[in-house]
């Protein structure tokens, strides 16, 4: 009873803190980009947050100056973009943030199409601070090296990150692309039972001079059941949802979040052109106009089907595998 009453008292302050923090990062892409890039360098440190805080503070004046210049010159700047290179995975995680086990089966998108979409996006924007390649499981893609190289060809992308669940060993051509592009590999930490090859993977990355991090998180936030309507305020959830800080490029469309992209792709939501920018048809001027309008949204239709990645989202153990009983 006392704990419940205390949570009710603290919740308005927590909500205000997270809303302000996400609002500031959303409003100033160079600041979020600086934090994202420089936190990677401290990712293996016990004082990661202290290092990140001081590095971000030192770069805040420059980031704000760049933001003012970008606005004045109508430059399109994206702090983080995530491209799911495939919707297949080697695991079957019950509370996957990408809802991969819940998506309808679909053919893998050819690397040539994704390269074209990356190039189309880069033709419309001036800077992308961090570009994530994820899945499903990104290392399953047979031509992942081509996608990595497409990102590395442009100076507009400051940092490339490849996310993996640590169950696979990269092909030699992928290792070469990672090394030559100075990409960072982010490895999830799911335990030896699910990741018997993870130490071999880390050793191989180290031998090839490829920067990598190994997550220390033991819990996930539960985003809810895929496609299940939620009763609480969508706008309130959206205002404190961290997912909105990482844009999703999927099937040639740039969305505010990956959940929105997948819900629309799987038919839970209508194909609403006001909820994304089609980079295959946009030029720099039309992209800037559409994107400037899109990022002013305070909620998406997808928010009515998602609990969001918020401070209030229930926590669950990482990578709990589905069985025949909960599939």
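The conditions of being outside any helix (DSSP H, G or I), within 19 Å of the chain's Cα centre (by Cα) and over 28 Å from residue 151 (Cβ atoms) are met by residue 311.
Answer yes or no as to whether residue 113 is in contact with a strand residue (DSSP E or B) (Cβ under 7 Å, 6 or more places away or on another chain), over 30 Å from residue 322 (Cα atoms) and surrounded by fewer than 18 Cβ atoms within 10 Å (Cβ to Cβ). Considered against the rule, which asks whether it is in contact with a strand residue (DSSP E or B) (Cβ under 7 Å, 6 or more places away or on another chain), over 30 Å from residue 322 (Cα atoms) and surrounded by fewer than 18 Cβ atoms within 10 Å (Cβ to Cβ), residue 113 comes out as no. Here segment 189-220 is the region considered, the condition is being in a strand (DSSP E or B) and touching a helix residue (DSSP H, G or I) at 6+ places or on another chain (Cβ under 9 Å), and the residue that is surrounded by the most Cβ atoms within 10 Å (Cβ to Cβ) is 212.
Scanning segment 269-283 for residues that are surrounded by 14 or more Cβ atoms within 10 Å (Cβ to Cβ) and over 20 Å from the mean Cα position of the chain (by Cα), we see that the one that is farthest from residue 11 (Cα to Cα) is 282. Evaluate the following for residue 290: is it part of a helix (DSSP H, G or I), within 26 Å of residue 74 (Cβ to Cβ) and touching a strand residue (DSSP E or B) at 6+ places or on another chain (Cβ under 7 Å)? Yes; evaluated as a whole, the condition is true for this residue.
Checking each residue in segment 235-267 for being surrounded by fewer than 20 Cβ atoms within 10 Å (Cβ to Cβ), touching a strand residue (DSSP E or B) at 6+ places or on another chain (Cβ under 8 Å) and part of a loop (DSSP other than H, G, I, E, B) picks out only 252.
Among the residues making up segment 129-152, those that are modelled with pLDDT of 95 or more and either surrounded by fewer than 21 Cβ atoms within 10 Å (Cβ to Cβ) or not in a helix (DSSP H, G or I) (or both) are 131, 132, 133, 134, 137, 140, 141, 142, 143, 146, 149, 152.
Among the residues of segment 285-300, those that are closer than 30 Å to residue 14 by Cβ and surrounded by 16 or more Cβ atoms within 10 Å (Cβ to Cβ) comprise 294, 299, 300. Going by what's in this entry, would residue 277 be described as at pLDDT below 95 and either in a helix (DSSP H, G or I) or touching a helix residue (DSSP H, G or I) at 6+ places or on another chain (Cβ under 9 Å) (or both)? Answer is no for this residue. With respect to the conditions (1) over 23 Å from residue 104 (Cβ atoms); (2) outside any helix (DSSP H, G or I); (3) in contact (Cβ under 8 Å) with a residue 60 or more places away in the chain, residue 232 lacks only one, and its number is (3). Only one of the listed residues (153, 137) is free of Cβ contacts under 8 Å to residues at least 24 places away in the same chain and either under 27 Å from residue 123 (Cβ atoms) or in contact with a strand residue (DSSP E or B) (Cβ under 9 Å, 6 or more places away or on another chain) (or both). That residue is 153.
Counting the residues of segment 156-182 that are crowded, with 22+ Cβ neighbours inside 10 Å, assigned to a loop (DSSP other than H, G, I, E, B) and free of Cβ contacts under 8 Å to residues at least 60 places away in the same chain gives 2. Kindly indicate whether residue 77 is closer than 23 Å to residue 285 by Cα, crowded, with 17+ Cβ neighbours inside 10 Å and touching a strand residue (DSSP E or B) at 6+ places or on another chain (Cβ under 8 Å). Here the answer is yes, as residue 77 does meet what is asked. Of the helices (runs of 4 or more DSSP H) lying entirely inside segment 2-109, the ones with 1 or more residues being under 22 Å from residue 161 (Cβ atoms), at pLDDT below 75 and in contact with a helix residue (DSSP H, G or I) (Cβ under 6 Å, 6 or more places away or on another chain) are found at 29-41, 48-72.
The values are calculated or read from the model by the stated rules, or taken from the named source; none is laboratory data. Computed from a predicted structure; not experimentally measured. All Cβ positions, even for glycine, are placed from backbone atoms using ideal geometry, and neighbour counts span all protein chains on display.
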